[in-house]
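Participant: Take a look at the following structure, please.
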Amino acid sequence: MNSLDTEETAVDHRCPTSTIKRVKLLETDNHALIRVGMTTLFSPNNTPQKQNSRETDWLLLMRVAEYAKRHQHLLILSLILLIPLSLSGAVQPILIGQAISLIRQEPTTYPFLQKMSLSDGLNVLAGVLLLTILVRFLLQSIQGYWVQKVGQQITTDIRNDLFDHVTSLAVRFFDRTPVGRLITRLTSDVDALGDVFSTGAIGIISDLFSILVIAILMFTLQWKLALILVLMMVPVTALIIYFQQQYRQANYKSRDELSDLNSQLQENMVGIGVVQLFRRERFNAELFRATNLQYIKAVDQTIFYDSAVSATLEWIALIAIAVVLWFGGKQVVESQLSFGTLSAFILYAQRLFDPLRQFAEKFTAIQAGFTAVERINNILNEPIEIRDLDQITANLSTLDPGAQNWVQTGEIRFENVWFAYKDDEYVIKNLNLTIRPGEKVALVGPTGAGKSSIIRLLCRLYEPSKGRILVDGIDIRELRQVELRRHIGVILQDGFLFAGDVKSNITLGESYSFEQIQQAAEKTNVAQFIEQLPQGYDTELRERGTNLSSGQKQLLAFARAAIRNPQILVLDEATANLDVGTEALIQDALERMLQGRTAIIIAHRLSTIRNVDRILVLKRGQLIESGSHEELLQHNGLYASLYNLQMLKVQDNN
């Protein structure tokens, strides 16, 4: 990006309202349906906006439930297992109580046990107890595996959808969003969301079901003690809800701080050269420590509220057991309750609060998951500003027949184009120009004149605020983005390379044969450089091509454009990083590449564009001069001033 971009990063993400107006410029009647479709989609009342207030937990849960439905069979099977799991756990205190009653020969012993000898009765109870333990162990293992599997599958689905959505968003979104924040969304936030299913949601349902089964069995044994224990759960539940609300707020803040931490870390890693050259290591380390301290403070808050829940439940569980011992003991003394039943209730007092304790722990994971859902939801709710018309109408027959049978001649026309990165701060103002097929045009002007913005509009990385852009007489919004960009080759000043071999960085995932790759390299005079690499075309490049020089990366960018044989070629300071010898080779290759193609060239060195067909001079987003090199010098305007200044500098340097 040029210097213009650094001043225009804080931009609005709403779709331009002028999208409605610009579609009206379409002249033929068969565009009526398209106009209606685009108006409906892009009208301000229908554009999804960034959430200003957090959605309710229910709405967030419904958003995640859409992913759970894809794996509903495993979820249903996991829920079915809750019945035998809960029953096998709930009957164990009864079996132990019956064993105690049998030993004490109490009348509450089941009749079939009274007919047996003491040893036989204890053996039966021990066998049934062992069976419940084995059943519970087996079913818990199966259910745990299924739940973890569903959680991982949901995590994968969400991460894939989030990545697809993010890569479909307009460049405007990335202008205002730090990369570190997006990485946090795609990694830790998605993992937290996966925990909602793998350790949280099914577990909470299981705990609630266990509490219900235990409560029912307690009331069948002795309703007074059961009522005491159930009533004690009311204040406990209220405390849990309060602490979990506080935990939710603290967790949201901690994740925001983590995003800031990741953003700062990513910024320092990418800009490590500048950091070291300007001796900013200590200063940046202090900034990082300050951000890290804020993150730790936020995490400490979540730990406090999480611990508060556990401590509260621990104390309440002990109090519940004490109350059961006190009240139940009085009834045993008064012969109103058997000792075996009291023993069962003591176990129930513990088991009733165990699911509640587990519920609280899982609820913490759920709250962290809801926080992650909110943050992920904010990204998924970001509108895809730049869409193809067939995505809007969902009916290819409504497209202009001319757009479906596009004959590429290379004519470009800007009609009354206005564009602003921020509302009403236009960097392109009422631009009208036509570039004829096969014409070589140079864009010239001071920094901030709008040269690179014109290229981005042509490639449809941004949408015009007003007006329209036509290629071969067709509005570029009627062309599919992939089709438009396939026929526009862009070579930027800084060629970005991906981790991978040289071949893959030329083809960029498209299916070209090795012969085509070699031909493209030879056509652009970069084959010799590639063959000098250790493994030639199979040489592995590190991230961002750090094992190549800036000039070598730029050479690969030329081969990348040549292999696609575009009808329109755009050069944005494409030879700025090349030495004199290499630039001479590239200029020779360019002369061959530009034959029969429409070309737009942005160059600050005016001596390199003297032979173009026409030079367009821009100032503050407006076209103020147009003509050949000689015509503009005779006009003695802005171009002549810029040219004379550069020539003066060259003479001074010599």
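Participant: Kindly indicate whether any position in the stretch 599-622 is touching a Pro at 6+ places or on another chain (Cβ under 8 Å), farther than 23 Å from ARG460 by Cβ and charged (D, E, K, R).
Facilitator: Checking the stretch 599-622: at least one residue is touching a Pro at 6+ places or on another chain (Cβ under 8 Å), farther than 23 Å from ARG460 by Cβ and charged (D, E, K, R).
Participant: Cβ-Cβ below 7 Å, separation at least six or inter-chain, first residue in the stretch 332-355 and under 16 Å from ILE103 (Cβ atoms), second aromatic (Phe, Trp, Tyr) and open to solvent by 40 Å² or more (accessible area, probe 1.4 Å): which pairs?
Facilitator: Note: pairs meeting the criteria are VAL332/PHE339.
Participant: Looking at the structure I just gave you, is ARG468 open to solvent by less than 50 Å² (accessible area, probe 1.4 Å), closer than 30 Å to LYS422 by Cα and in a strand (DSSP E or B)?
Facilitator: Yes.
Participant: Further question: For the stretch 417-460, what are the residues that are touching an Asp or Glu at 6+ places or on another chain (Cβ under 7 Å), of a type in the set (D, E, K, R) and open to solvent by less than 20 Å² (accessible area, probe 1.4 Å)?
Facilitator: Correct list: GLU439 only.
Participant: Quick one: in the stretch 499-545, of everything that is among the hydroxyl-bearing types (Ser, Thr, Tyr) and assigned to a loop (DSSP other than H, G, I, E, B), which residue is most open to solvent (accessible area, probe 1.4 Å)?
Facilitator: Of everything passing the filter in the stretch 499-545, SER511 is most open to solvent (accessible area, probe 1.4 Å).
Participant: What do you reckon, is GLU483 in contact with a Pro (Cβ under 9 Å, 6 or more places away or on another chain), among the acidic types (Asp, Glu) and closer than 25 Å to GLU573 by Cα?
Facilitator: no
Participant: Okay, moving on. Within the stretch 95-110, is there a residue that is open to solvent by less than 20 Å² (accessible area, probe 1.4 Å) and under 19 Å from LEU212 (Cβ atoms)?
Facilitator: no
Participant: Give the stretch 296-316 a look and list any residue that's among the acidic types (Asp, Glu) and either under 27 Å from the mean Cα position of the chain (by Cα) or closer than 10 Å to TYR247 by Cα (or both), or say none.
Facilitator: ASP300, ASP306
Participant: Show me the helices (runs of 4 or more DSSP H) found entirely inside the stretch 548-654 where at least 1 residues are among the aromatic types (Phe, Trp, Tyr) and more than 29 Å from ALA499 (Cβ to Cβ).
Facilitator: Hits in the stretch 548-654: 638-653.
So that you can scan it fast, the table gives a plain yes or no per residue for (1) of a type outside the set (A, V, I, L, M, F, W, C); (2) surrounded by fewer than 15 Cβ atoms within 10 Å (Cβ to Cβ):
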site	(1), (2)
ASN123	yes, yes
ALA126	no, yes
LEU129	no, no
GLN140	yes, no
GLY144	yes, no
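Participant: Something else about it: For the stretch 143-182, which residues satisfy the criterion of being assigned to a helix (DSSP H, G or I) and free of Cβ contacts under 8 Å to residues at least 12 places away in the same chain?
Facilitator: Once the filter is applied, which keeps residues that are assigned to a helix (DSSP H, G or I) and free of Cβ contacts under 8 Å to residues at least 12 places away in the same chain, the stretch 143-182 yields GLY144, TYR145, THR156, ASN160, ASP164, THR167, PHE174.
Participant: Cβ-Cβ distance below 6 Å, separation of 6 or more or different chains: which pairs start in the stretch 365-377 with a residue that is under 15 Å from ASP256 (Cβ atoms) and modelled with pLDDT under 80 and end on one that is outside any helix (DSSP H, G or I) and open to solvent by 10 Å² or more (accessible area, probe 1.4 Å)?
Facilitator: GLU374/ARG54
Participant: From the list THR220, THR237, which residue is surrounded by fewer than 20 Cβ atoms within 10 Å (Cβ to Cβ), assigned to a helix (DSSP H, G or I), touching a helix residue (DSSP H, G or I) at 6+ places or on another chain (Cβ under 9 Å) and at pLDDT below 80?
Facilitator: The unique qualifying residue is THR237.
The values are calculated or read from the model by the stated rules, or taken from the named source; none is laboratory data. These numbers come from a predicted model, not from an experiment. Reconstructed Cβ throughout: ideal geometry from the backbone, glycine too, with neighbour counts over all protein chains shown. Protein only, heavy atoms only, side chains kept; ligands, DNA and RNA dropped before computing areas. Shrake-Rupley method; radii C 1.70, N 1.55, O 1.52, S 1.80 Å.
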